[in-house]
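These notes concern the structure reproduced below.
The values are calculated or read from the model by the stated rules, or taken from the named source; none is laboratory data. Quick caveat: nothing in here was measured; it's all calculated off a predicted structure. Cβ sites come from the backbone with ideal geometry, for glycine too, and all protein chains shown count toward neighbours.
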Amino acid sequence: MVEASNTLPVRRQRRPLPPTLVIGLLLVGLVLAMALVSLVWTPYDPARLNVRARLTPPGSEGFLLGTDKLGRDVLTQIMVGAQNTLFVSVVSSLLSLLIGVALGLAAAAARPRLRNVINRGIDIAAAIPGILVAMVLATTLSPGNTAAIIAIVAWFTPSTARVTLGPAQQALAQDYVEAAQAYGRSKGFIMFRHVLPNIAPVLIVQTSVMFASAILVEATLSFIGVGAQPPVASWGRILRDAQPLIDVAPSLMLYPGLAIIIAVLGFNLLGDGLRGWLDPKQGGHGTGGQ
Amino acid sequence: MNARFLSLIGRGLASLAVSALVGSLLVFAMLRLLGGDVALIILGQDAKPDAADALRIELGLNNPWHVQYVDWMRGFLTGNLGRSYSGGYDIFGQIAARLGPTLFLAIGSLLVSLLLALLIGTYSAIHSRRLRGAVVDVGAQVGTAIPAFWIGLVLIYLFSVTLGWLPAGGYVSPVTDPWKSFLGLILPIASLSAGSTALLARFVRSSMIDIMEEDYIRTGMGKGLTFPQALFRHGLRNAAIPVVTVSALQLGNLLAGTIVVENIFVIPGLGRLLMVAVYGREVMVVQSLVFIILLIILVMNFCLDLAYGLLDPRIGDRRKGGAHG
Amino acid sequence: MLEIRNLKISVGTLPIVEIAKLDIGAGRRLGIVGESGSGKSLTATSIIGLQPRGLSVTGSIRFEGEDLAGVGDIALARVRGRRIGFVPQDPTRSLNPTTRIGGQVKEAVRLATGLGAAAAWARAEMLLGQVRLPDVSALMRRYPHQISGGQQQRVLIAMAMAGNPALLIADEPTTALDVTVQNEILRLIVELSEEKNMALLFVSHELGVVKAVCHQIGVVYGGNLVELGDTADIVARPRHRYTQALLSANPGLSDRAGLERLMGTRFQTIRGNVPPVGQFPSGCRFRDRCGHTAPACAELPGVSHAGPGHEYACWNPVPHGQGAEETA
């Protein structure tokens, strides 16, 4: 029970970056750098097959991480695969962000009746795993990145709408928002001017977490064959090809797996770190009493 | 069975029915609207027109859509969902035969991860100020970042290929040979529950850290319990309440993981059948399978809702406060 | 029966409470009064190891000849519930929300007495009747959220009585309750103490309440015991300037107390606020808020005797024969 009047006025100071945020940034930076470098340079031509150098173990001359059953350099494949992973996860996360926020804000501004209906819809949609959507799309259209992206968007949008709806409703109930309404501001204006900035921290964290989950889902979808199709290089796809060779060349499944873990961990830590950094109130509150 | 619990069941069933209806409509619409002509998807775009016509008549695709939908739904009740076009098998019969392994995997790994998460999370909460707690925290962070299928591959490599201790795949019914069945399920359940254990353990940990400061833990100590005893007797159940909510949100992930794991470990469940049907572009099989998997999720969600109501007597209780005292 | 010597409660190296001497005799009721943050609850809870985790307790706490300080949780658990009962501050948060009342009381009985399930249940029923709860058998099937705050506090008192303790520690047992309920609970506690010849350590921020309940009063400020004496002496002849200020701020009428809580103006007549832990002035801790400071106040005051069992620590005490000030 510390009385505020006796403490020094809190000076606005730069808070130190939490370690999770720093590690997250480093890991994400690593993946990003890999994808960027692969655009201009890779150890080998990613499409070139080398039948004479099939299934070289890691560390052999010229092939740092070895080669696969068609003699392609694994390091090259992983570097190029980073492009696909980042592409799919960024596009699908941003799309779910866009649609989810629009849906959440619309629900927040809607009459209670309509809001309940939207809420029920969100609940039901959230119950449908993205993998099922991807399978339906792979059946009716064709397997590939498009199916993966639509599936991820369908899966993540409900949760984005949910995290938007709660804080947006809170923000709408603030006095100054009511005042703005009294001045005759339109709902759309209020949403953009007052509500959106308020929920921005929540959305930044949500986006980071979505990046991480999208990478996992993309890898899973290409692993089971409904995501990226050859010749597109994707981490899940490399693992799919490595599975039958598990007793011959176990190292083939090691490095793409590590790449996935690093990328997912990076974005997860980034999200965790941002959560703590953007919202110091999260640091726990006293329970009262003494 | 008190009135509160009966009303929880009633409301749960009503919401289950609504979700199942909407879900089935969504599945039906996605498969009928997205790809265009269903007969051509099944037969391929270069199919002969008369073959396509024959298939349309066989599958009732010329009927109005609501008739098709009602026929499909009726098929679930009468046990007649038609035959697979390329496999020739009876779809309903296959679903019934493959339900067991899938349910075993899904429910088994849900229970395993809940149990492990409670143990690990509680342990790390008690030791939250020490290194051991931090180790669990980091482990949980990394654990959630590993894809289930990769864990499956690593486990196969370690325990089947290298050590030869456990089978790399296949499924034995627990009715025929419980021991073999158990051995065969260890690796699939381990790869399926690793991620959710890590995720849930983090929730148990934070929920336990909150509960350690609760006054009723101190009351328990005041009665003569030690701190760990009070935490175990009075904290565990209260800490489990939010964890059940979170695990309900994870059901989609769980079933998605089941589909993948069935395919890695060659387990004859719904997920494996679904995969084959997707590759064969068997719209009718996919439609029924996707709905059944969705139904499993909804029913498990219903069960977790009930568990939530059992754990927390305040849920759905109108007798609050002392007015009735 | 309870003899506390050189009690020191600290966070890391920072001491929060330092009390040189505090005794309670068998069947006696001692009240500890102080403002929020004075360390009064800490002092009481630390006796049986219920202080917040991470605080260290040193010194000597002799209870019926046995030293409880630093013996560890397992040894303290054997004392808690059997020989020392505990009544918490906020009844609405102090019962396990997921367990029925009957089960919680029964657990207390079994831990305190080692009775079998059926006998423990019967004793639980008896205990709940003893705290004047109506319709006990129905109540035992209820969950905590289904009964009122006053009833919850009675349940907690019944649990504390499970082992017929020689000492009851009550940490602001009525602060969270309505004024009308407060008086009933206080009466119950006093009656139980008289009937069972049970000593009471009663913690409160309301001097008026303590005055009505206790034989003796200890006044704490900034983690120090500044004055200790019989209730009549403290009320009529306070010597410490802080006690004097408390008395004039708190006439002790229960309706006045309720009104003050309602208005949020409690202790307004004492200048300033209690400083945060670690920011007290050197010497007498009250000197930055005291209207009667002398140069000596920069030094730590020693213990002076004002009469039999009446001690205080003040350099410039209230002169004899002068009670509460009209204004502070």
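Among the residues of the stretch C:54-90, those identified as touching a helix residue (DSSP H, G or I) at 6+ places or on another chain (Cβ under 9 Å), in a loop (DSSP other than H, G, I, E, B), at the interface with another protein chain (Cβ under 8 Å from one of its Cβ atoms) and closer than 30 Å to C:Tyr242 by Cβ are C:Pro88, C:Gln89, C:Asp90. Could you go through the stretch B:142-160 and let me know if any residue there is within 14 Å of another protein chain (Cβ to nearest Cβ), of a type outside the set (A, V, I, L, M, F, W, C) and under 25 Å from B:Leu274 (Cα atoms). Yes.
Restricting the stretch C:107-132 to residues that are β-branched (Val, Ile, Thr) and part of a helix (DSSP H, G or I) leaves a set whose member that is nearest to C:Met161 (Cα to Cα) is C:Val109.
Within the stretch B:123-160, restricting attention to residues that are crowded, with 21+ Cβ neighbours inside 10 Å and polar (S, T, N, Q), which residue is nearest to the chain's Cα centre (by Cα)? By that ranking, first place goes to B:Thr144.
The set of residues in the stretch A:140-157 that are closer than 24 Å to B:Ala39 by Cα and surrounded by fewer than 24 Cβ atoms within 10 Å (Cβ to Cβ) comprises A:Thr140, A:Leu141, A:Ser142, A:Pro143, A:Gly144, A:Thr146, A:Ile150. Evaluating B:Leu16 against the criteria (1) under 22 Å from the mean Cα position of the chain (by Cα); (2) aliphatic (A, V, I, L, M); (3) buried (at least 16 other Cβ atoms within 10 Å of the Cβ); (4) more than 14 Å from chain A (Cβ to nearest Cβ) leaves one unmet condition, (4). Give me the pairs, please: first residue somewhere in the stretch A:134-163 and within 18 Å of A:Ala212 (Cβ to Cβ), second residue anywhere and among the acidic types (Asp, Glu), beta-carbon distance under 8 Å, and either six or more positions apart or on two chains. Going by the 8 Å Cβ cut-off, the qualifying pairs are A:Ala148/A:Glu218; A:Ile152/A:Glu218; A:Pro158/A:Asp123. Among the numbered conditions (1) more than 30 Å from C:Arg142 (Cα to Cα); (2) under 24 Å from the mean Cα position of the chain (by Cα); (3) buried (at least 16 other Cβ atoms within 10 Å of the Cβ), the only one that B:Leu8 does not meet is (1).
On the stretch given as the stretch C:14-53, residues that are within 14 Å of another protein chain (Cβ to nearest Cβ) and assigned to a loop (DSSP other than H, G, I, E, B) total 13. Looking for something out of contact with any Gly (no Cβ under 7 Å at 6 or more places or on another chain), under 17 Å from B:Asp215 (Cα atoms) and assigned to a helix (DSSP H, G or I) - is there at least one such residue anywhere in the stretch C:133-146? Taking every residue of the stretch C:133-146 in turn, at least one turns out to be out of contact with any Gly (no Cβ under 7 Å at 6 or more places or on another chain), under 17 Å from B:Asp215 (Cα atoms) and assigned to a helix (DSSP H, G or I). Among the residues in the stretch B:50-60, are any among the hydrophobic types (A, V, I, L, M, F, W, C) and at pLDDT 85 or above? Within the stretch B:50-60, none of the residues are among the hydrophobic types (A, V, I, L, M, F, W, C) and at pLDDT 85 or above.
Within the stretch B:268-319, the residues that satisfy the criterion of being part of a helix (DSSP H, G or I) and within 14 Å of chain C (Cβ to nearest Cβ) are B:Ala307, B:Tyr308, B:Gly309, B:Leu310, B:Leu311. The residues of the stretch B:178-236 that are closer than 13 Å to B:Ser113 by Cα and of a type in the set (Ser, Thr, Tyr), listed by number, are B:Ser191, B:Ser193, B:Ser196, B:Thr197. Of all residues in the stretch A:97-126, those satisfying the criterion of being within 13 Å of chain B (Cβ to nearest Cβ), touching a Pro at 6+ places or on another chain (Cβ under 9 Å) and among the hydrophobic types (A, V, I, L, M, F, W, C) are A:Ile122, A:Ile124, A:Ala125, A:Ala126.
I'm trying to understand the selection: among the residues of the stretch B:223-245, which are closer than 13 Å to B:Ala307 by Cα and either free of Cβ contacts under 8 Å to residues at least 12 places away in the same chain or at the interface with another protein chain (Cβ under 10 Å from one of its Cβ atoms) (or both)? If the condition is that a residue be closer than 13 Å to B:Ala307 by Cα and either free of Cβ contacts under 8 Å to residues at least 12 places away in the same chain or at the interface with another protein chain (Cβ under 10 Å from one of its Cβ atoms) (or both), then B:Arg237, B:Asn238, B:Ala240, B:Ile241 are the ones that fit. Looking across C:Ile84, C:Ile61, C:Ile19, C:Ile74, one residue alone is in contact with a Pro (Cβ under 9 Å, 6 or more places away or on another chain) and on the phi < 0 side of the Ramachandran plot. It is C:Ile84. Within the stretch C:210-230, one or more residues are in a loop (DSSP other than H, G, I, E, B) and modelled with pLDDT of 90 or more.
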